[in-house]
1. From the set of residues in segment 223-252 that are β-branched (V, I, T) and within 17 Å of Q201 (Cα to Cα), which is surrounded by the most Cβ atoms within 10 Å (Cβ to Cβ)?
2. For a quick check of your reading of the model, give me the residue pairs whose first member lies in segment 39-56 and is assigned to a loop (DSSP other than H, G, I, E, B), whose second is modelled with pLDDT of 95 or more and not hydrophobic (A, V, I, L, M, F, W, C), with beta-carbon atoms closer than 9 Å and at least 6 apart or on different chains.
3. How many residues does segment 433-474 hold that are open to solvent by 10 Å² or more (accessible area, probe 1.4 Å), part of a loop (DSSP other than H, G, I, E, B) and in contact (Cβ under 8 Å) with a residue 12 or more places away in the chain?
4. Hey, among T104, T89, T110, which residue is among the hydroxyl-bearing types (S, T, Y), in contact (Cβ under 8 Å) with a residue 12 or more places away in the chain and surrounded by 21 or more Cβ atoms within 10 Å (Cβ to Cβ)?
5. Give me the strands (runs of 3 or more DSSP E) completely within segment 244-305, filtered to those with at least 1 residues that are touching a Pro at 6+ places or on another chain (Cβ under 8 Å) and more than 16 Å from G148 (Cα to Cα), ordered by residue number.
6. Can you tell me which residues in segment 146-170 are within 13 Å of F197 (Cβ to Cβ) and either assigned to a helix (DSSP H, G or I) or aromatic (F, W, Y) (or both)?
7. Quick one: in segment 171-188, which of the residues that are in a helix (DSSP H, G or I) and not hydroxyl-bearing (S, T, Y) is most open to solvent (accessible area, probe 1.4 Å)?
8. Taking T427, is it over 24 Å from L70 (Cα atoms) and either without any contact (Cβ under 8 Å) to a residue 60 or more places away in the chain or out of contact with any His (no Cβ under 7 Å at 6 or more places or on another chain) (or both)?
Amino acid sequence: MRRFSAAAIVLVLLLPACAARSSPMLREAIEHPTARELLRRELRSLFNAPSVSHAQWGVNFYSLRSAETLYSLNAAQFMVPASNQKLLTAAVAAERLGWDYRFTTRVFATGPLDDAGTISGDVVIVGNGDPTINPRHPERWRAFDDWGAALRARGVKIINGSLIGDDNAFAEPAWGTGWAWDNLQYGYGAPPSALQFNENQVEVLVGPGMSAGSRAIISTSPLGSGLIVDHDVTTSVAGEPSRVDIARVPGTAFLTVRGQIAADAKPVTITASVENPTRFYLTALREALARHGIFVAGGVTDVDELGAPPSLDGAIELFVDTSPPLIEIIDVAMKWSRNIYAETLLLAAAEPGEPATGARGLEQLRATLRTWGILPEYYLPRDGSGLSRYDYVSADALTWLLTYLWADPKHAERFRSTLPVAGVSGTLANRMKGTPAQGRVWAKTGTLSNVRTLSGYVTTFGGETIVFAMMANNFRVPAADIDAIMDRALGHVALLPR
């Protein structure tokens, strides 16, 4: 171990004071720090606080006005991004597809429609991934009823064949690389498919029975999921904690619902992924057709259940349905952090050709980011949503991405408008309320166990736009403590004067 004399130690301790006396500029900086220097001190104290210094941090704050880094901590280091991965996916999808892109679903009849209103053949629905037929898009939630009304207006009363769902635009199953097996039964772990209804999930509602010791009441909604509920939930005495969970082995339809719910408890809701999204989609469509007086004689069939897909040579195109524009889809993906939307965007970004795969989507993601100057040394993508713990991204990569998008007129305002706003909307609606950052931060959140991320833009009181990325991994304090530090940091940045 190297040793120093007492005199040398005293000399080192005195150097700053001597330098301050000999340098008026340095003395001025110490005694009267600028707002930026004060900000750096505040950020250093936040991210190096004893309570969170054990965590792995990746942080970067960059001024778009002055083109300077205001604060950086491990900004080049790989971090698990959680849903900040969606920033990469959404940006690439917008670049490759365009903000006005729409998914299309084509509906064909393989046989003629006679004067009595009978289609002598099957009706084939060919999709390419539209994720919007769900309550997050109220006008789309009634899409199947609109289809039924359109077919009835054409005189259709009976379909002698089946409803066949052609979902071959996407490879199956479309789970992301590195998704944990115990995430797959939940709604947030539902994979995308070329035919999607209600985000390929159902709500499992569990309520208490009539008295303690009785079986709980379980229902699923919407109906027609194909899931078979294995009931293992009892009603416990009033006042006891409720503990309800679900389990399903991938590839099977048996959904185990287990636990207990107190006799005086409010119902518990859990979302569960469905086993076959295409059959779920077709079942909902058949019910909508029935509401409009159209009878389907042959039931519903996933095209994968057939030996060969039905030939559409000579088929009649009944109609074409289109999704809302891409900006509305990205808005939901970002503001509400919907994994299935992000994975759909990744697949849609793949080079044309069937079926689309996550791997092919990632090829286009890497190629696009390279043209923007974001090199592979600064990120490692494995999926589109960030549910995978195999994803790695640096704070540098995220700040460069956000900086590039801000500088591109076709992306700048549109991209920012899709992000949650602090204290106002999306996953930030309840954060930073009543602070200087409220209404001044547009950012994407990210959440996994022992992972918290937040990246986006903040507009200061001085009118300056700051790009930022904050990522915390491997912490042992409550996640709320990490969120609080990020929120306080943004409050300090927002207060920067002109």
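1. I246
2. Cβ pairs passing all conditions: S51/D481; V52/D481; H54/N474; H54/R476; A55/N450; A55/N473; A55/N474; A55/R476.
3. 9
4. Sole residue among the options that is among the hydroxyl-bearing types (S, T, Y), in contact (Cβ under 8 Å) with a residue 12 or more places away in the chain and surrounded by 21 or more Cβ atoms within 10 Å (Cβ to Cβ): T89.
5. Working: elements: 254-262, 268-273, 300-302.
Where strands (runs of 3 or more DSSP E) fall fully within segment 244-305 and carry at least 1 residues being touching a Pro at 6+ places or on another chain (Cβ under 8 Å) and more than 16 Å from G148 (Cα to Cα), they are 254-262, 268-273.
6. W147
7. Once the filter is applied, the top-ranked residue is W181.
8. Considered against the rule, which asks whether it is over 24 Å from L70 (Cα atoms) and either without any contact (Cβ under 8 Å) to a residue 60 or more places away in the chain or out of contact with any His (no Cβ under 7 Å at 6 or more places or on another chain) (or both), T427 comes out as yes.
The values are calculated or read from the model by the stated rules, or taken from the named source; none is laboratory data. The structure presented is a predicted model; accordingly, all values stated were derived computationally and were not measured. Here the Cβ is made from the backbone with ideal geometry for all residues, glycine too, and neighbour counts use every protein chain on show. SASA here: full protein model, heavy atoms, side chains in, ligands and nucleic acids out. Shrake-Rupley method; radii C 1.70, N 1.55, O 1.52, S 1.80 Å.
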